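Reviewing the structure listed below.
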Amino acid sequence: QVQLVESGGGSVQAGGSLKLSCVAYGPVIKFTVQNWYRQAPGKQRELVASIIDDDNTNYPDSVKGRFTLSRGYSDHTIYLQMNSLKPEDTADYYCNAKGVYYNLRDSNLEPFDSWGQGTPVAVSS
């Protein structure tokens, strides 16, 4: 199956920057959508960035102009560049990807919807 691994989280002061990475491991044939979510204590998980297979990106107003989702050398890697960080950006950040992969066991193409384990981001005043 497709496994996602995030990295790049840490602690920064307000106004600082962080760049998160998400790598997909597995025989992915196509990504339909790749997303970054975040979840702060006591709050619902929220979508902060998404990119679809035509490279169209979307951001909510809360991060628009500050966060940028991009792909790496291949679509197996995505990044979330976070600038002008605010304390309210503090959360665990999760990578999510949907698409089609090659099931080696069944020798068949199958859909997938995978999540990473999360990487923490803490922004102090």
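The values are calculated or read from the model by the stated rules, or taken from the named source; none is laboratory data. No experiment lies behind these values; they were computed from the predicted model shown. Cβ sites come from the backbone with ideal geometry, for glycine too, and all protein chains shown count toward neighbours. Each accessible area value is taken on the protein alone, full model and side chains, heavy atoms only, with ligands, DNA and RNA left out. Shrake-Rupley method; radii C 1.70, N 1.55, O 1.52, S 1.80 Å.
Descriptive notes on the structure:
- Segment 1-47 shape via C-alpha gyration tensor axes, a/c threshold 1.5: prolate
- The order of Ser11, Ser21 by accessible area, most exposed first and with a 1.4 Å probe, is Ser11, Ser21.
- For segment 65-125, with +1 on Lys and Arg beta carbons and -1 on Asp and Glu, the positive-most of Ser107, Asn96, Ser84 along the dipole: Ser84
- Taking the chain as a Gaussian network of alpha-carbon nodes connected by springs under 10 Å, the highest mean-square fluctuation of the residues Ser107, Ser17, Ser70 belongs to Ser107.
- Shown for the chain: the carbon plus sulfur share of the solvent-accessible area, taken with all protein chains present and a 1.4 angstrom probe, equals 47%.
- List Tyr93, Tyr37, ordered by accessible area with a 1.4 Å probe, largest first: Tyr37, Tyr93
- For the residues Leu85, Leu104, Leu20, a GNM of the chain with alpha-carbon springs under 10 Å puts the largest fluctuation on Leu104.
- Computed lengthening from Gln117 to Ile52, 0.36 nm per intervening residue step minus Cα-Cα distance: 21.3 nm
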